[in-house]
Amino acid sequence: MKRNDIFRFLPIIITSIGLTAGCGAHLSKVEMGDKAVDVGADKSGGKNIVAVPDEKVVTEDVKTSGMGAKGSAAAKDYKSLGANDELTKTARESGTLYTIHFDYDKFNIREDDKPLLTKNAQWLNINPAVKVRIEGYADERGESEYNLALGDKRARSVERYLEDMGIIKDRLATISYGEERPVDPGHNEDAWAKNRRAEFKIAN
Amino acid sequence: MIRASRCVPVFFALFFLSITEARARVYIDLSAPSVKKLQVAVQEFRDVSPVTSVDSGRIKKELIDALDTDLRFSGLFTITESGANIEDPSKSSLEPDAINFKNWRVIGADTLLKGVYSVDKDRLTVEIRFYDCVNEKQVLGKRFTGAASNPRRLIHYFSDHLYEELTGRKGVFTTKILFVSDRSGEKEIYMSEYDGMNARRITFNRSINLSPHWSPDGNRIVYTSYKKGQPHIFSLDLRTGKDAVVSEKAGINIGGRFSPDGRRLAMTLGLGADKSSELYLLDLETGQYSKLTDNYGIDVSPSWSPDGNKIAFVSDISGNPNIFVLDLEGKSDNKQKALKRLTFSGKYNSSPAWSPDGRLIAFAGSENGRTFNIFVMRPDGDGITQLTSDGNNKNPSWSPDSRFIVFSSTRKGITSLYIMQSDGGGLTRLQTGVGNEKTPAWSPFLE
């Protein structure tokens, strides 16, 4: 990499370091086209991170970690549901709303989660510019394709619930990750219960 | 079953009289209830390179190791352990006339393998002969040339020839296995040889990559990937490296499987308009989708019957995941009649895999929804037989000759790939060196 290239990319690097600091995004591997280049063992003290030729890739790293840091200036202006409103705090800090959970091999909304979904819907009502992505997940048991379809059903079940509460469909998107990306990597009932979930990610 | 040795001369005579006839006449009848193994001695291979390369020792070791793997895997041979040095390898000849077969018979070897190899820069030539020690004749002699970086591959080619010579059937030694591992940080697709060796990563997109499957000609694979955000189905041409999107409908596009004629792809789509995920067929020539299922349940993991007329799949319309079979021919007449449920016991039945010979469907089933085992059943759902009992065993995939099943298992802790015979015997762990290997897909016969 030539020296002037380093300067050309420097603003991007600084930006990405700023965005990724403390949010778990890792830059040990950078992407060039469709090939991963390991710079983890680089002896230049990390300077070769500059070798990232594609701004987009670094941006994606931040996005996939789901951090609120990427949120627009409008993020600071979220309307609150009132004093001691945890939800607005969560939205500001992590770009998420309340996560809800499911029973084994089920996609119906549990009674104990309905108040949380109602809160999410109320919050979306007073923040009409916000769009959310509902992510459906399954626990690791069973088969990965079935779990993908199950996560899809869970996400869509939550989407319908919010639509029924008056949130227009244009503000809602769904994605299923199936058994991928568990919040708890354990192989026990506690971990599985945590992983059977639908997350709300603020998408704009 | 092996013919008794006194019958062997007749068979040899036929081989030498007519090469074309030879294919139909076999030494070992694999359809017999039990196969008596041949005793084979393997002579140490000799380096006949004009100039001995620094890699000579490594190459020799890899050649012998691969031959040993193939011979054991074939199920046709018992290797005579003391056979390595009956003759001085540096002086022994490959010509049948110069071999003292009596010495080999004394140590119990019915048959004998000898080989020489030669390295020329990055090219390796291997010549291997297979002899019948009883009749003191050569049965097979082959010479292969290929990359010196992968000596094992040349042995696999030889093993295919040897297997076909002895059984009249194609060998699987040059086939490959696709699988998924998250060892790089995210789930990516890998490909290894049938024995797990020479595993290499073939996707590098750092999203989530799942469900690799082969095209019937073995030239392409399809897989599910999140590299564009939502799960879409992509194809990767293994010869050119060209990667292309196959299905990117809104919602989930997962688990594509080529029809046996390669013209259609069965998959699961989760279109917003559908009540839930449904099975679809995509005509790869016209780009037209047709819907196969229409219910409130989850419908996933299609597996084609080898004649292309039926699809086994997993559905939870019965309450929990079970295996159903859909008759594509009868579909237009009567939807109810076209759909038949195959599994009725256990809590969770998944991953049906129709054997290439059409005789069995393998699947992963669980009594408690946690621990899975591999089963086989007939395509009508009868004759369910459990093949595994140790660890968590999932995602069976058949060898193209229908003799073996590869699957993932946690029996040694970390998830690894294992191969077993279709009756559950001869379990072998694949040493891919990758780790956490899942959802294997065994290739068809490759050119």
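The values are calculated or read from the model by the stated rules, or taken from the named source; none is laboratory data. As the structure is a prediction and not an experimental result, all values here were calculated from the model. Backbone-built Cβ (ideal geometry, glycine too); neighbour counts: all protein chains shown. In case anyone asks, the SASA skips ligands and DNA or RNA and just uses the protein heavy atoms, side chains included. Shrake-Rupley method; radii C 1.70, N 1.55, O 1.52, S 1.80 Å.
Exactly which trypsin sites (Lys or Arg not before Pro) in the stretch B:56-101 are in a DSSP loop and have at most 14 other Cβ atoms within 10 Å? Don't skip to the answer; put the middle values down first.
On the way: sites: B:R58, B:K60, B:K61, B:R72, B:K91; in loops: B:K91.
Hits after loop and neighbour filter: B:K91.
Relative contact order of the stretch B:314-424: what whole-number percent is it, with Cα pairs under 8 angstrom and at least 6 residues apart? Don't skip to the answer; put the middle values down first.
Details: 245 pairs, mean separation 18.3, N = 111.
The value is 17 percent.
What's the FRET efficiency of B:R239 with B:D283 using the Cβ-Cβ distance as r and R₀ = 25 Å, to the nearest 0.05?
On the way: r = 23 Å, r/R0 = 0.94.
Once the sixth-power term is evaluated, E becomes 0.60.
Within the stretch B:359-419, which trypsin sites (Lys or Arg not before Pro) sit in a loop by DSSP and count at most 12 neighbouring Cβ atoms inside 10 Å? Can you show the working numbers first?
Working: sites: B:R359, B:R370, B:K394, B:R403, B:R411, B:K412; in loops: B:R359, B:R370, B:R403, B:R411, B:K412.
Taking the stretch B:359-419 and a limit of 12 other Cβ atoms within 10 Å, the loop trypsin sites (Lys or Arg not before Pro) found are B:K412.
Normalised by the residues of chain B, what does the relative contact order come to in percent, with Cα pairs under 8 Å and at least six apart? Don't jump to the answer; show the numbers that get you there.
Numbers: 1079 pairs, mean separation 41.5, N = 447.
Dividing the mean separation by the residue count of chain B yields 9 percent.
Per DSSP H run of n ≥ 4, the term is -39500 (n - 2.57); total these for chain B, divide by its residue number, and report the mean residue ellipticity at 222 nm rounded to 500 deg cm²/dmol.
Rounded to the nearest 500, the figure is -4000 deg cm²/dmol.
What percentage of the solvent-accessible surface of chain B, computed with a 1.4 Å probe over protein heavy atoms, is contributed by carbon and sulfur atoms?
Details: 8990 of 18850 Å².
On chain B, the fraction of accessible area on carbon and sulfur atoms equals 48 percent.
Interface B/A, total buried accessible area with a 1.4 Å probe, nearest 100 Å²? Please list the in-between numbers first.
Details: alone 20310 and 12140 Å², together 29400 Å².
Rounded to the nearest hundred, the buried surface is 3100 Å².
With charges only on Cβ, +1 for K and R and -1 for D and E, what is the dipole size of chain B about its Cα centre, in debye, rounded to 20? Walk me through the intermediate numbers first.
Details: 58 positive and 53 negative charges, 105 e Å.
So the dipole magnitude of chain B works out to roughly 500 debye.
Among the residues of the stretch B:202-236, which ones have their accessible area go down by 20 Å² or more when all the protein chains sit together, as opposed to their chain alone (1.4 Å probe)?
Residues passing the criterion (a loss of at least 20 Å², heavy atoms only) are B:F204, B:N205, B:R206, B:I208, B:L210, B:S211, B:Y226, B:Q230.
Quick one: what Rg and Dmax do you get for the stretch B:252-367 from the alpha carbons, in Å?
Using the Cα atoms of the stretch B:252-367, the pair Rg, Dmax is 13.4, 42 Å.
At 7 Å along the Cα-to-beta-carbon direction for both B:S290 and A:M165, put a label point, then send me their distance in nm to one decimal.
Here the answer is 4.3 nm between the modelled labels.
Charges only on Cβ, +1 for Lys and Arg, -1 for Asp and Glu: so what's the dipole of the stretch B:135-190 about the Cα centre, in debye to the nearest 20? The partial results should precede the final answer.
Values: 10 positive and 7 negative charges, 29 e Å.
Computed about the Cα centre, the dipole is about 140 debye.
Have a look at B:A312, B:A250, B:A199 and tell me which one the Gaussian network model of chain B (Cα, springs below 10 Å) gives the largest fluctuation.
B:A250
In square nanometres and to one decimal, what's the mean projected area of the convex hull around the Cα atoms of the stretch B:57-211? Mind dumping the intermediate values first?
Numbers: hull surface 44.4 nm².
Over all viewing directions, the stretch B:57-211 projects a mean Cα-hull area of 11.1 nm².
Run the accessible area of the stretch A:79-142 with a 1.4 Å probe and give the carbon-and-sulfur part as a rounded percent.
Values: 1540 of 3070 Å².
Ligands and nucleic acids excluded, carbon and sulfur give 50 percent.
Accessible area per residue of the stretch A:71-202 at 1.4 Å probe, in Å²? Walk me through the intermediate numbers first.
On the way: 5830 Å² over 132 residues.
Accessible surface, normalised per residue, equals 44 Å².
Distance in nm between label sites at A:D77 and B:N309, each 7 Å beyond Cα in the beta-carbon direction?
6.7 nm
List the residues of the stretch A:133-161 that lose 50 Å² or more of accessible area once all protein chains are present, compared with their chain alone (1.4 Å probe, heavy atoms only, no ligands or nucleic acids).
A:G142, A:E143, A:E145, A:Y146, A:L148, A:A149, A:K153, A:R156
At each listed q (0.13, 0.14, 0.15, 0.16 Å⁻¹), what is the log10 of I(q)/I(0) that the Debye formula gives for the stretch B:176-442 modelled as equal alpha-carbon point scatterers?
Treating every Cα as an identical point scatterer, log10 I(q)/I(0) equals -0.81, -0.96, -1.12, -1.29.
In Å², and per residue, what accessible area does chain B have when probed at 1.4 Å with the other protein chains present? Display every interim value, and only then the final one.
Details: 18850 Å² over 447 residues.
That works out to 42 Å² per residue.
For chain B, what is one quarter of the convex hull surface built on the Cα atoms, given in nm²?
Numbers: hull surface 94.8 nm².
So the mean shadow area of the Cα hull is 23.7 nm².
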